Amino acid sequence: MNRQHYGLFTVLSLIVGTVIGSGIFFKSDTILVATGGSVGKGILVFCLAAFAIVFGCLSVSELAKRTDRPGGVVAYADVFINRRMSAAFGWFFGLVYYPTLGVVVSWVVGIYACILFGWEGTLERQMAIGVVFLLVCIGYNLVSARFAGLFQRVATVVKLLPLFLIAIAGLLFGDPQAASAPQMAEGVRSLGWLSAIGPIAFAFDGWVVATAISGELKNPRRNLPLALIISPLFILAIYVAYFSGISRLIGPARILELGDAHVNLAAEQLLGAFGAKLLLICVLISVMGTVNGLVIAGIRTPNALAQEKALPFSAKLAGTHPKTGMSIGSGAFFLVLALAWYVAHYLTMKLNILPNSDISEISIVVQYLLYILLYVQVFRLATKGEIRSRFFGWVAPALAIVGSLIILVGGLQNPLAPFYALFCLVFLAGGYLYAGRKETTP
């Protein structure tokens, strides 16, 4: 799978298109509740929560510059740590992270499709739509990597349009005085404005998918580090501009009063009665783009592991199609995983097994622990003199670790976090031990 399908713009759109989903459209009220209606504090929390992605990307870019091995973070673990840790990374991302997020986000496609077409949004119908779209998405990804890249670029542009529109409209036509904090009940104030870090931080998740296509990038040692540096700063700017714009356009008090419905009000003010429907279409395409990004990464990870013989049946997953350069076996493996996780997701939702949670949160805490291991490797390279810049060798990884700890603190507020961590540990240990077994096999 070494064909160079993708250029800089595609990998930029992969990061931006995967990170920016539907959540940013509906988080303004949550953030304002936490900040007591203060737009200024909300912007500050955006910047604090962005530490994890901004400095994480800057740190990982230093690893990306030093290898063009396919596999992304799995390959970085192999090159800069060891083969057994690489297998542990691969089992975690390939068997848990990508398929669980892909399943939940494709289910969200079903949710928005039901809303858009006025269908009854039963769990079964939503998930059926999600399964169909996931199957289609895996199918066209295996048939044409170029089409998958094109879809990612188009979805990214579409999802940015309403964000830009509201940001610009708020700046030009909004009331600057409306952004002043309203009087709120003391009980709401007592939540503490730093509690807004949680919902914002998770809105930055997903940037790691871009590293999975490193082996298919044109000039990967240049384009991947550039994408990892540019995209997080761009995403932060978009989030802050949108949050500021909608706060000026409607006002914090009105946003707090309406809750999630404030987005529809903004769309109707700008575009009339059809505005809300148009925004919903953009959100639906936005979520589809996020699924596409997760599938792009998800179908490649088993192949990367199989090439290192780090999975059972590696021989069946390691080959690639001579025309498409894609691994049909790896795609089928990801599909089977996704369907298994769909069953788990359905049961947990139907029976309320994970109250106020879902299977996508299983991997959140552990992934940032794994990122810290990579950031430590950047310190190691700086110590050896291979990274001469103090900022990239010391400051960036230190702040990336701080950002990861911020996410960890937020994730640990979930009472199910210890269970999730233990569950992920099983997969990490499985990969680590399996790679060790292969090393000792004559």
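The values are calculated or read from the model by the stated rules, or taken from the named source; none is laboratory data. Only a predicted model underlies this, so the values are computations on that prediction, with no experimental measurement involved. Note that we place each Cβ from the backbone using ideal geometry, even for glycine, and neighbour counts take in every protein chain shown. Ligands, DNA and RNA are stripped out before the accessible areas are found, and what is left, the full protein with its side chains, is counted by its heavy atoms. Shrake-Rupley method; radii C 1.70, N 1.55, O 1.52, S 1.80 Å.
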Quick one: putting +1 on the C-beta of Lys and Arg, -1 on the C-beta of Asp and Glu, what dipole do you get for the chain around its Cα centre, in Debye to the nearest 20?
-> 1480 debye
Which residue, Leu32, Leu305, Leu271, tops the fluctuation ranking in a GNM of the chain built on C-alpha contacts under 10 Å?
-> Leu271
Quick one: of Lys27/Lys65; Lys159/Lys350; Lys316/Lys350; Lys27/Lys277, which pairs are farther than 26 Å apart, Cα to Cα?
-> Lys27/Lys65; Lys159/Lys350; Lys316/Lys350
If you line up the long axis of helix 8-19 against the longest principal axis of the chain, both from Cα atoms, how many degrees apart are they, to the nearest 10?
-> 60 degrees
With springs only between Cα atoms under 10 Å apart, run a GNM on the chain and tell me which of His345, His321, His262 wobbles the most.
-> His321
Cross-link reach list, lysines versus Lys323, counting only Cα pairs under 24 Å and skipping chain neighbours closer than eight places = Lys218, Lys309
Scoring the chain by relative contact order with C-alpha pairs under 8 Å, at least six apart, yields a percentage of 34 percent
Between the DSSP loop rule and a limit of at most 10 other Cβ atoms within 10 Å, which GluC sites (Glu not before Pro) in the stretch 54-143 are left?
-> Glu120
Rh_Kirkwood(the stretch 347-417) over Cα pairs, Å, one decimal, evaluates to 13.9 Å
How big, on average over all directions, is the shadow cast by the Cα convex hull of the stretch 13-165, in nm²?
-> 12.0 nm²
With Cα springs under 10 Å, the Gaussian network model of the chain assigns the largest mean-square fluctuation among Gly170, Gly42, Gly385 to Gly385
Does the chain classify as rounded, prolate or oblate by the C-alpha gyration tensor (a ≥ b ≥ c root eigenvalues; a/c under 1.5 gives rounded; else a/b over b/c gives prolate, otherwise oblate)?
-> prolate
Rounded to the nearest 10 Å², the accessible area of Ile299 at probe 1.4 Å = 0 Å²
Cα axis of helix 396-411 to longest principal axis of the chain: angle in degrees, 0 to 90, nearest 10?
-> 70 degrees
Rg in Å to one decimal, and Dmax rounded to a whole Å, for the stretch 293-410 via C-alpha atoms = 19.1, 55
Return one number: the angle in degrees, 0 to 90 and rounded to the nearest 10, between the long axis of the Cα atoms of helix 39-49 and the longest principal axis of the Cα atoms of the chain.
-> 10 degrees
